[in-house]
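Down below is the structure, laid out as structure tokens.
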Amino acid sequence: MSAPDHVRIFDTTLRDGEQSPGCSMSPQQKAVMARALAELGVDIIETGFPASSQSDCEAAALIARDLRETTLCVLSRCLPGDIETSARVLEAAARPRLHVFLSTSPLHREHKLRMSKDEVLETTARNVAYARSFVDDVEFSTEDGTRTEEDFLAEVIGVAIAAGATTINVPDTLGYTTPAEMRGLFQRLIATVPGARDVVFSAHCHNDLGMAVANSLAAIEGGARQVECTINGIGERAGNCAMEELVMALKVRGAYFEADTRIDTRLLVPTSQLLSRLVGMPVQRNKAIVGANAFAHESGIHQHGMLRDRRTYEIMNPEDVGWPSSQMVLGRHSGRAAVAHRLRALGHALEDEALDLVFAGFKSLCEKQRVVDDGDLQRLMHGDRDGDSDGYRLASMTVSDRGQRASAQVELSDPGGQRVSESALGDGPVDALFAALAAATDVDLTLESYQVHSVGIGNDARGEANLSVRHDDAEYQGTGTSKDIIEASALAWLDIANRVLRNRQPQDLTLSRLRERVG
């Protein structure tokens, strides 16, 4: 078999990705992310749009001084001033690329540029040549290329190649096209445009219709050998082609695509998590490859298959993308085999009668909480069938957000039935609330994510708070529901704190006690 073709990964997380609302980064944050992208094995990093802001200039210059082995690229409009600014930023780069773009579609020509076709052609030729006078590596993009008349698109690309462009990018700027159209377009352009086989063709696909990855893969089938993408798929509107999905599609279906990248896939999850921390945008749990549920199984049927042979329900090894292992999530859909398997991992090899009793308690507990963790199983082993063992309960709370800092006061009923009161200040009402709860329970939790949403409709709607925290290197999830979202947050926090406290207590299996509690 011949070696697979190399597909260059052009990462635009720091440029197009950062344009995603709420995802802006400081120059120092961009430098941290750029180093992670270089370690990941990205071929080209687009570090910013220098003419757009001083911050982008600083970030691009900082990264250019730091990274010496990766091609560093900056974006520029087809304007001499933009190109000169970009060239100055790239002076310190060991492997510089200047990326110029111009709109080509009828809508953009008329309403954005107010240019004729001849003016677009002349502007392209003049500015690509000017960019080439500064650096040898010049990329030219036809903005809104997939909505451009194909004959004119081919003409513009031919002019750019003749003027010195070494990479030609045909963006699906609005995420409008389909895989079949994308594949055919690249095939025809590469076959007919003069000089096309002497340059690299690139795809830049947006996800407005959810087809960014599919369209990028289709472009590769059509002959593209560079794909522009972002970590976690962030970007304008619905985002860009998600790098982790594209890379693993090529890896898993290598025999079909006959193409691969140089990405170290084991770093995909850590890089995804780094970006999420830097921009404060959590990754949805069911996100392919890097979502928390990507290798998690709760269904009893799936878990039974996984216990027999992992390949029954997984097409990738979690370790290959940076997850430590697959997860058997115990919940209401889990079966007896999965519970028995987890109990054995905790050191409890149960006979059938004892397992039946624990499983009955497990099913009862699943009606009250979404996920049953190891602490819950240990508690069931101790004979607590329904999950109502003693723990801290919320008696009352008062939260105020006046002045520079918020304050919270809580009163709890402790496991012994005594009342405990504490107060605390915080940067906001929830921060103050969690600080007061920590003081009252003597449990310190490190918040990883906090989400609230409505459950139900109209007058019956209730607020649900979902927390993800870390405690002693273990991760916990908690849920609380109430008419008041602040109270729901307190209940979610106590849900986790009580489990942490129960895990501190040694638990032993006593079959007679199990019978006693169930009976």
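Since every read-out is calculated from the coordinates, none of them should be taken as a lab result. This one's a predicted model, so the numbers in the text were calculated from it and none came from an experiment. FYI the Cβ positions are ideal-geometry reconstructions off the backbone, even for glycines, and counts take in every protein chain you see.
Can you give the direction-averaged projected area of the convex hull of the alpha-carbon atoms in region 188-339, in nm²?
Over all viewing directions, region 188-339 projects a mean Cα-hull area of 11.1 nm².
Please compute the modelled spin-label separation between Asp264 and Ser413, points set 7 Å along Cα→Cβ, answer in nm with one decimal.
About 5.4 nm, to one decimal.
Take the Cβ-Cβ distance between Leu346 and Ala461 as r, set R0 to 35 Å, and report the resulting FRET efficiency rounded to the nearest 0.05.
The formula returns an efficiency of 0.35 here.
Grab the alpha carbons of the chain, take their convex hull, and tell me the volume per residue in Å³.
Spelled out: Cα convex hull of the chain, divided by residues, is 188 Å³.
Once the convex hull of the alpha carbons of region 390-464 is built, what does its volume come to per residue, in cubic angstrom?
Spread over its residues, the Cα hull of region 390-464 gives 129 Å³ apiece.
Step through the table entries Lys287/Lys368; Lys30/Lys117; Lys117/Lys287, compare each Cα-Cα distance with 32 Å, and write down the pairs that go over it.
Lys30/Lys117; Lys117/Lys287
Using alpha carbons only, how many angstrom separate the centre of region 390-464 from the centre of region 148-179?
Here the answer is 56 Å between Cα centres.
Viscosity 1.002 mPa s, temperature 20 °C: give me the Stokes-Einstein translational D for region 296-381 in µm²/s, with Rh taken as the Kirkwood radius over C-alpha pairs.
Reported coefficient: 160 µm²/s.
Considering only the other residues whose Cβ falls under 10 Å of the Cβ of Ala488, what net charge follows from Lys and Arg at +1 and Asp and Glu at -1?
-1
Starting from a Cα-only point model with no solvent, please compute log10 I(q)/I(0) by Debye for region 5-279 at q = 0.11 1/Å.
-0.55
Only bridges with both residues in the chain count here: give the DSSP antiparallel percent, nearest 5.
Roughly 45 percent of the beta bridges in the chain run antiparallel, per DSSP.
At 0.36 nm per residue, and after removing the present C-alpha to C-alpha distance, how many nm does the segment from Asp374 to Glu119 gain when stretched out fully?
Extending this stretch completely gives an extra 85.0 nm.
Averaging sequence separations of C-alpha pairs under 8 Å and six or more residues apart, then dividing by the length of the chain, give the relative contact order as a whole percent.
Contact order relative to length: 9 percent.
Between Gln19 and Ser364, how many nm apart are label points set 7 Å from Cα along the C-beta direction?
The two pseudo-label positions are separated by 5.8 nm.
How far is helix 429-441 tilted, in degrees, relative to the longest principal axis of the Cα atoms in the chain, given as a value from 0 to 90 rounded to the nearest 10?
Once rounded, one gets 40 degrees.
Within a Cβ distance under 9 Å of Leu394, other residues only, what is the Lys/Arg minus Asp/Glu net charge?
Cβ neighbours under 9 Å give a net charge of -1.
Return the whole-Å distance between the Cα centroid of region 89-103 and the Cα centroid of region 288-315.
Spelled out, the Cα-based centre of one part sits 44 Å from the other.
Say the dipole of region 5-279 comes from +1 at the beta carbon of Lys and Arg and -1 at that of Asp and Glu; which of Ile168, Leu62, Gln187 then lies farthest toward its positive end?
Farthest towards the positive end: Leu62.
To the nearest 20 debye, what is the magnitude of the charge dipole of the chain about its Cα centre, counting +1 on the Cβ of each Lys and Arg and -1 on the Cβ of each Asp and Glu?
With only Lys, Arg, Asp and Glu charged at Cβ, the dipole is about 420 debye.
So, by mean Cβ neighbours within 10 angstrom, what's the order for 360-367, 108-115 with the highest one leading?
Result, highest mean first: 360-367, 108-115.
List, in order, the whole-Hz ³J(HN,Hα) value for each residue of region 17-28 obtained from phi through the Karplus relation with A = 6.51, B = -1.76, C = 1.60 and θ = phi - 60°; use x for Gly and Pro.
After applying 6.51 cos²θ - 1.76 cosθ + 1.60, I find x, 5, 6, 5, x, x, 10, 5, 10, 6, x, 5 Hz.
Quick one: what are the phi-derived ³J(HN,Hα) couplings along region 372-380, Karplus 6.51/-1.76/1.60 with θ = phi - 60°, whole Hz, x for glycine and proline?
Ordered by residue, 3J(HN,Hα) equals 10, 9, 4, x, 5, 5, 4, 5, 5 Hz.
Would you list Val7, Val279, Val372 from fewest to most Cβ contacts within 10 Å?
Val279, Val372, Val7
Based on the mean of other Cβ atoms within 10 Å per residue, sort peptides 249-258, 41-50 so the most packed one is first.
Top to bottom by mean Cβ count within 10 Å: 41-50, 249-258.
Using +1 at the C-beta of Lys and Arg and -1 at the C-beta of Asp and Glu, which of Ser326, His304, Ser364 has the Cα lying farthest in the positive direction of the dipole of region 296-381?
Ser364
Near Arg68, within a Cβ-to-Cβ distance under 13 Å, what is the net charge of the other residues, with Lys and Arg +1 and Asp and Glu -1?
+1
Most exposed first by the Cβ proxy, i.e. fewest other Cβ within 10 Å, how do Asp320, Asp198 rank?
With the fewest neighbours first, Asp320, Asp198 line up as Asp198, Asp320.
For each of Thr177, Thr481, count neighbouring Cβ atoms within 10 Å of the residue's Cβ, then give the residues from fewest to most.
Fewest-to-most ranking of Thr177, Thr481: Thr481, Thr177.
Considering the options Phe257, Thr271, Cys78, tell which one lies farthest towards the positive end of the dipole of region 5-279, charges being +1 on Lys and Arg and -1 on Asp and Glu at the Cβ, about the Cα centre.
In region 5-279, that residue is Thr271.
To test your reading of the geometry: what angle, between 0 and 90 degrees and rounded to tens, separates the Cα axis of helix 80-89 from the longest principal axis of the chain?
Roughly 60 degrees between the two axes.
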